[in-house]
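The values are calculated or read from the model by the stated rules, or taken from the named source; none is laboratory data. Only a predicted model underlies this, so the values are computations on that prediction, with no experimental measurement involved. Here Cβ is always computed from backbone atoms with ideal geometry, including for glycine, and neighbour counts include all displayed protein chains. These area figures cover heavy atoms from the full protein model, side chains too; ligands, DNA and RNA do not enter into them. Shrake-Rupley method; radii C 1.70, N 1.55, O 1.52, S 1.80 Å.
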Amino acid sequence: MSAAQGGSAEVGSGLLLTDLYQLNMLQAYRDAGMAASAVFEFFVRKLPPSRGFLVAAGLEQVLDFLAGARFGEDELAWLEASGRFTPDLLGELARWRFTGDVDAMPEGTLCFPDEPLLRVTAPLPQAQLIETRIINLLHFQTLIASKAARLVLAAPGKTLVDFGLRRAHGAEAGLLAARASYLAGFAGSATTLAAARFGLPIFGTMAHSFIQAHVDESTAFLNFARSRPGHTVLLIDTYDTERGARKVVELAPRLAALGIELQGVRLDSGDLADHARKVRRILDDGGLREVTIFASGGLDEGKLQRFVAAGVPIDGYGVGTSLTTSEDAPALDCAYKLQEYDGRPKRKRSEGKATWPGRKQVYRSYADDRVMTGDVLTLADQAPGGEPLLRPVMRAGQRLGGPPGLEEIRRRCASELERLPSHLRRLETAPAYPVEVAAPLRRLAAELDRAEG
């Protein structure tokens, strides 16, 4: 596993995918005899300037990780060879299993700053070691699901497809982006493995190279349609977009005679709005009113919103780079922090990074029309009224019940977006959603501050 060996980038279930300081602390905790129960919470400190809400995502992968995380033989051998850790600690790591509890917001839940998306209660060394991977999994999918939700809100009724694998920051990111965007309302993905792994609907047409490889465009269209008679969408902008549309109209009777129904055409370059209007007119004049127009290439929620407002006749969009990199807001200011140890609440007071102490719960209230009106962040043993958002999902290292299906998560997210206040459904900066920090939590923070001097 040395750098000189190169090695595989496969993640697997190993626990060596972590920051060195986690392992350093495990050794120090062991040396000091510190193994009492600890409570850590994952939360987002503040929203990016362009976001009014987030969509919680990634919990399923976290629970899978916790259930199966182990130190493999190669990892243990590497740790031993590093000379950094004692034989006693290495023996403990060889037997490592997560035995703690997890409470979390269900995936697809809308969430806001300071609200814990996930709470871990476990022996301190266990809760500490899993920090890096938990942040890694929750941060990325929450980031992408939140971006996808904005795209969905920008283009209601349109078919949105994830096209982002080739621009994603790594294979795992591309795969998880497909999942996160689907649960937020996308119709599916172009990533084939997402269908095999998660059951997502997959979409795909052809590349420009397919057209270029043929002697002429019409022959390319015909060959593709014959090969894919049940999924015929033709890419028409390799040479001249409008001329390509006319060739499709000319070819349509021949395809119909072969029993092939043309589903759509795809645009991937140029002024998409202008091309779409001209292509729609050509298709309609040629009797192909049912043929859809699908567009891709440099799209984000701003463009989609403008196209919808202008009535551009595009039926669906493939969104790539801006989705899988969350291009306008590529990271969230999030953290996984100690809130309680050995029965005593803990509070970090660092400038700009202070935390609310103790194990917490979030309660959400709704108006009569079921629109969200505000949240209360309070201690877990308080019950101010409203719907509690964190729910038990793991006890003593064992999952509670079976995992929800993606369709269930998707329905939850759609319902949450419907209940979002109207000013937060727009893309523009809006007044913040109200999250009240309850009096008991404020009092506890003040008491700890006084005790610390």
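Values computed for the structure shown
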item	result
Enumeration of residues in the stretch 1-36 that are in contact with a Phe, Trp or Tyr (Cβ under 7 Å, 6 or more places away or on another chain), at pLDDT 70 or above and more than 17 Å from GLU92 (Cβ to Cβ)	none
Residues being closer than 16 Å to VAL55 by Cα and not in a loop (DSSP other than H, G, I, E, B) - total across the stretch 417-434	4
Hey, GLY405 more than 27 Å from ASP64 (Cα to Cα) and surrounded by 11 or more Cβ atoms within 10 Å (Cβ to Cβ) or not	no
Qualifying position, being in contact (Cβ under 8 Å) with a residue 24 or more places away in the chain and closer than 30 Å to ARG425 by Cβ, among LEU183, LEU175, LEU222, LEU234	LEU183
Candidate set from the stretch 37-51 (those that are open to solvent by less than 30 Å² (accessible area, probe 1.4 Å) and either modelled with pLDDT of 95 or more or of a type in the set (Val, Ile, Thr) (or both)); member that is nearest to CYS334 (Cα to Cα)	VAL44
Lone unmet requirement of (1) under 29 Å from PRO313 (Cβ atoms); (2) open to solvent by 40 Å² or more (accessible area, probe 1.4 Å); (3) touching a helix residue (DSSP H, G or I) at 6+ places or on another chain (Cβ under 7 Å); (4) not small (Gly, Ala, Ser) for ARG197	(1)
Residue that is surrounded by the most Cβ atoms within 10 Å (Cβ to Cβ) [pool: residues in the stretch 251-278 that are touching a His at 6+ places or on another chain (Cβ under 8 Å) and closer than 14 Å to ASP315 by Cβ]	LEU267
The stretch 335-370, subset open to solvent by less than 40 Å² (accessible area, probe 1.4 Å) and touching a helix residue (DSSP H, G or I) at 6+ places or on another chain (Cβ under 8 Å), residue farthest from PHE53 (Cα to Cα)	TYR341
Some residue of the stretch 243-256 being at pLDDT 95 or above, not polar (S, T, N, Q) and not in a helix (DSSP H, G or I)	no
Pairs with Cβ under 8 Å, 6+ apart, first in the stretch 238-251 and in contact (Cβ under 8 Å) with a residue 24 or more places away in the chain, second among the basic types (Lys, Arg)	THR241/LYS278; GLU242/LYS278; ALA245/LYS278
Strands (runs of 3 or more DSSP E) lying entirely in the stretch 88-164 (those with 1 or more residues that are modelled with pLDDT of 95 or more and closer than 22 Å to GLU428 by Cα)	159-162
Residue list for the stretch 177-214, filter: farther than 30 Å from ARG243 by Cβ and in contact with a Phe, Trp or Tyr (Cβ under 6 Å, 6 or more places away or on another chain)	ARG179, GLY188, LEU200
Output for the stretch 45-75, where each listed residue is among the aliphatic types (A, V, I, L, M) and closer than 22 Å to ALA154 by Cβ	LEU47, LEU54, VAL55, ALA56, ALA57
